[in-house]
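Here the structure comes first, spelled out in structure tokens, and everything after it is commentary.
Throughout, read-outs are computed from the coordinates displayed, never taken from laboratory work. In this text, all values refer to a predicted model and were calculated from it rather than measured experimentally. Positions of Cβ are backbone-derived with ideal geometry, glycine not excepted, and every protein chain shown enters the neighbour counts.
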Amino acid sequence: TSHRPLHGKHILVTAGPTHEPIDPVRYIANRSSGRQGFAIAAAAAESGAQVTLVAGPVTLETPQGVTRINVETARQMQAAVEQALPADIAIMVAAVADWRAADQAEQKIKKKGDAPAPLELSENPDILAGLASHDQRPGLLIGFAAETENIIAHAEAKLARKGCDWIIANDVSGDVMGGMSNSVHIVRSDGVESLDTLPKEQVARLLVERIADHVAQN
Ligand code: C5P
């Protein structure tokens, strides 16, 4: 196989958290550091792919050779993903906030006596599920699933529910969120491959190798 097995392929990667504003100074978010997604974008670029990285708010440096689009919210991430199509392969690593504040206050919300201001939520779009049914669906669509228990069973259910091709099931029972290492299982309809706990860069390289093998066989 060649040194740049993904040459000529456009790979779309989402990474990081999303921030959903409540008012000018507050937001809803999660603990995603963006490290695993950025490492995957870097590994894909090293393998010769043209890489578009749609990144939520993180402080990481853009990997070499990667086109980065910064977004803040889930809805902005979805728009950027759709703008970036067509793509041969999409890897949705972002930890998208499931909910956003139903209304964004224009001014900082003030404390009112004893009762906290109620926070109404709306559901965010599922970007991965949306891509699965898109008329420009990438030929290989990969999702992540952060789980703390029954990891593979939950991932298999998610594979079917989301309509993607592979799920990278991610054991986040330790300090994975924000940490340097990751413990993943590659869950496909034809079987599961469990990788050792490895630095996120190495998880990324192994995943990109599997993708290159798949591309070579299809
Ligand atoms: O349903 P759950 O959040 O566990 O699914 C995780 C997978 O779905 C990840 O690949 C994540 O990037 C993607 N996702 C998404 N849009 C959402 C929620 C999750 O693309 N709103």
Determine the distance separating the Cα centre of the range 38-61 from the Cα centre of the range 1-37; give it in Å without decimals.
8 Å
Long-range amide H contacts for N182: which residues qualify at under 5 Å (H placed 1.01 Å from N, peptide plane, sequence gap of 5 or more or a different chain)?
L198, K200
In debye to the nearest 20, the charge dipole size for the range 1-61, taken about the Cα centre with +1 at each Lys and Arg Cβ and -1 at each Asp and Glu Cβ, equals 160 debye
Among DSSP bridges having both ends in the chain, what percentage is antiparallel? Round to the nearest 5.
40 percent
Measure nothing but the geometry: give the 0 to 90° angle between the long axis through the Cα atoms of 74-84 and the longest principal axis through the Cα atoms of the chain, rounded to 10°.
30 degrees
Tilt relative to the chain, helix 35-46 - C-alpha long axis, 0 to 90 degrees, to 10
30 degrees
Considering amide H positions built from the backbone, and no H for Pro or chain starts, which residues 5 or more places from F144, or on another chain, come under 5 Å of its amide H?
M92, I168
Let me check against my output: what whole-number percent is the relative contact order of the range 1-104, with C-alpha pairs under 8 Å and at least 6 apart?
40 percent
Among D23, D114, D103, which one moves the most in a GNM of the chain with springs linking Cα atoms closer than 10 Å?
D114
For the chain, what is the calculated [θ] at 222 nm in deg cm²/dmol (nearest 500), taking -39500 (n - 2.57) for each run of four or more DSSP H residues and dividing by its residue count?
-8500 deg cm²/dmol
Only counting other Cβ atoms within 10 Å, I'd like S122, S33 sorted with the fewest neighbours first.
S122, S33
Could you work out how far helix 151-162 tilts from the main Cα principal axis of the chain, as a 0 to 90 degree angle to the nearest 10?
80 degrees
In the range 81-212, with Lys and Arg counted as +1 and Asp and Glu as -1 at Cβ, which of these residues, M180, N170, N124, has the Cα nearest the positive end of the dipole, that is, farthest along it?
N124
With the 8 Å Cα cutoff and a minimum separation of six or more residues, the chain has a relative contact order in percent of 20 percent
Checked against the positive end of the charge dipole of the chain (+1 on Cβ of Lys and Arg, -1 on Cβ of Asp and Glu, about the Cα centre), the farthest of A160, A204, L60 is L60
Rounding to the nearest 20 debye, state how big the charge dipole of the chain is about its Cα centre with +1 on each Lys and Arg Cβ and -1 on each Asp and Glu Cβ.
420 debye
What nm distance separates the two modelled labels at T197 and A157, each placed 7 Å from Cα along Cα→Cβ?
2.5 nm
Could you give the alpha-carbon Rg of the range 34-178 over 2.2 N^0.38 Å, rounded to two decimals?
1.19
Report, to two decimal places, the Cα Rg of the range 1-88 normalised by 2.2 N^0.38 Å (N = number of residues).
1.16
